[in-house]
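Participant: Here it is, the structure, as structure tokens.
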Amino acid sequence: MSRPPSPLQIQRRASLREHNTFGLPAVAATLVRIACDADVRRVLDHPELGRAPKFVLGGGSNVVLTRDVAAVVLKVEILGRRRVSEDALAWVVEAGAGEPWHGFVAWTLAQGWPGLENLALIPGSCGAAPVQNIGAYGVELKDRFDSLDAVDLVTGRSVTLNAEQCDFGYRHSVFKGLLAGKSLITRVRFRLPKPWQPVLGYLELERKMAETGNRQPSAQTVFDWVCAIRSAKLPDPAVLGNAGSYFKNPVVSEEQCRDIIGRDPEIVYYPLPDGSVKLAAGWLIDACGWRGKTVGRAGVYEKQALVLVNRGGASGAEVVTLARAIQESVYGRFGIRLEAEPVVL
Ligand SMILES: Cc1cc2nc3c(=O)[nH]c(=O)nc-3n(C[C@H](O)[C@H](O)[C@H](O)COP(=O)(O)OP(=O)(O)OC[C@H]3O[C@@H](n4cnc5c(N)ncnc54)[C@H](O)[C@@H]3O)c2cc1C
């Protein structure tokens, strides 16, 4: 005989301060912990919660909470990780959406399945990783993606999406577009190609190679380097609340870039294969004199102008006010509109 399912874990007036890495105060009218696919369907069948608006929450490392949340917060806690298959070309591995991302990366390496090491130490959950196609040090999630499972938050139907259907772009996917707020990702699968090749084109990794004299690092060494680089330049959210990069790097035409270089020859930029140019948002903010500044209880991190921080007790409104002031001054000086990376609620 199968065991009856444990009751849905529903919490009323749940504080979200512990559930967002900015440490912003907000209260969810209702928070439901989602431990398996069936929990999503039970929420949808629930007489009171079924038709209410929903908000899916992972580790809260890419959200800015500016107010209490009236929508039902679905806190994703689906665990589990496994190797799905292996052939001559790749290992395919799967993670439950609630698995912490960094722990999953470390686990794949420990199993002898390299490929995710450049994405080490990114906070958050595996289920949120495809939402903005996380990326760091020359690798994006889409480069190692196989497929994912999700549940439609209206019909309760399960779907499996491949990379094309996810419509990945720079810090973008279908979950920020057509499917925004409409699906809950339950499991993500990764294709880790064989033979493994390190990705070392990033300036800071090149520096590590030069410093150590190690030109053929193992995946574990790349992982250790990435962790060391990140720890030195990014604030630990447990110590100083933040959501990582607050703005996306803007992409401009070659002509626009030439124009800016004419005025500011020092600007940091990366030419893209399609002829457009990605500008370093951190450099633009720094050039406007924002690094280290504080407005109210929110501020700009001293070591990296792209990161906004909670100096202690800040509200979401204070963070957003600071972000707007930065956007205005960058627009005023460079004519470029910076776009926020985190989801502002
Ligand atoms: C110090 C720091 C460094 C960071 N560095 C990087 C970096 O290098 N590169 C990078 O890309 N990002 C970076 N980030 C941003 C962040 O870590 C990632 O975006 C991460 O994937 C967010 O995961 P989360 O579980 O915390 O998502 P949350 O913040 O909980 O949610 C983010 C969005 O995803 C949605 N979502 C969450 N889980 C699911 C799910 N299971 N199904 C459907 N939708 C879901 C939410 O509704 C929300 O819209 C950094 C953040 C911090 C604090």
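Just so it is clear, none of the values below were taken in a lab; they were calculated from the coordinates. The model shown is predicted, which means the values in this text are computed figures rather than measured ones. Note that each Cβ is placed from the backbone with ideal geometry, even for glycine, and that neighbours are counted across all protein chains shown.
Participant: Kirkwood-based Rg over Rh for the range 184-270 (C-alpha set), two decimals?
Facilitator: Value, to two decimals: 1.06.
Participant: Which ordering of Trp101, Trp113 is given by a fewest-first count of other beta-carbon atoms within 10 Å?
Facilitator: The most exposed by this proxy come first: Trp113, Trp101.
Participant: When Trp107, Trp225 are ordered from fewest to most other Cβ atoms inside 10 Å of their Cβ, what list results?
Facilitator: Arranged by neighbour count, lowest to highest, Trp107, Trp225 become Trp107, Trp225.
Participant: Still on this model: Quote the charge dipole size of the chain about the Cα centre in Debye, to the nearest 20; the model charges only the Cβ of Lys and Arg (+1) and of Asp and Glu (-1).
Facilitator: Value, rounded to 20: 840 debye.
Participant: Let me ask something else about it. Looking at the range 47-175, what % of the alpha carbon pairs are farther apart than 20 Å?
Facilitator: That fraction is 48 percent.
Participant: Using amide H atoms built in the peptide plane, which far-off residues or other-chain residues are under 5 Å from Val268 H to H?
Facilitator: Amide H neighbours of Val268, under 5 Å, 5+ apart: Ala280.
Participant: Sort out the exposed loop GluC sites (Glu not before Pro) in the chain (DSSP loop, at most 16 other Cβ within 10 Å) and tell me the longest stretch that has none.
Facilitator: It runs 49-265.
Participant: Calculate, in whole percent, how much of the Cα-Cα pair population of the range 212-345 lies beyond 27 Å.
Facilitator: Above the 27 Å cut-off, the range 212-345 has 31 percent of its Cα pairs.
Participant: Do the alpha carbons of any pairs in Lys176/Lys303; Lys248/Lys278; Lys194/Lys278; Lys54/Lys75 sit beyond 20 Å of each other, and which pairs?
Facilitator: Result: Lys176/Lys303; Lys194/Lys278 exceed 20 Å.
Participant: Computed over the Cα atoms, what is the radius of gyration of the chain divided by 2.2 N^0.38 Å, N being its residue count?
Facilitator: 1.03
Participant: Going by C-beta contacts inside 10 Å, put Ile134, Ile261 in order with the fewest on the left.
Facilitator: The most exposed by this proxy come first: Ile261, Ile134.
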